[in-house]
Amino acid sequence: MNEPQNETPNQSSTVTPKVTGIGGIFFFSYNPKETREWYAHNLGMEVND
């Protein structure tokens with residue numbers, strides 16, 4: 001018996017979801033370049049200045 005899938009018809013199982021926003025939460029950082037790199041690497045977000 002096949003189990004129901006939680007995928008929409010256009011969704012591929014190889015697609016990694018990415019964070020698109022945090023909803024107005026702001027963080028202070030003494031090293032903004034390193035923080036932007038962390039967000040890009042760990043959350044898949046490109047953060048601007």
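Listed by first and then second residue, the pairs with beta-carbon distance under 8 Å, at least 6 apart or on different chains, first residue in region 27-46 and without any contact (Cβ under 8 Å) to a residue 12 or more places away in the chain, second among the β-branched types (Val, Ile, Thr) and part of a helix (DSSP H, G or I), are 27/35; 29/35.
Against the test of being at pLDDT 70 or above and outside any helix (DSSP H, G or I), the options 4, 9, 17 yield a single qualifying residue, 17.
The values are calculated or read from the model by the stated rules, or taken from the named source; none is laboratory data. Note that the structure is predicted; figures quoted are calculated from it, not measured. Please note: Cβ atoms are built from the backbone with ideal geometry, for glycine as well, and neighbour counts cover all protein chains shown.
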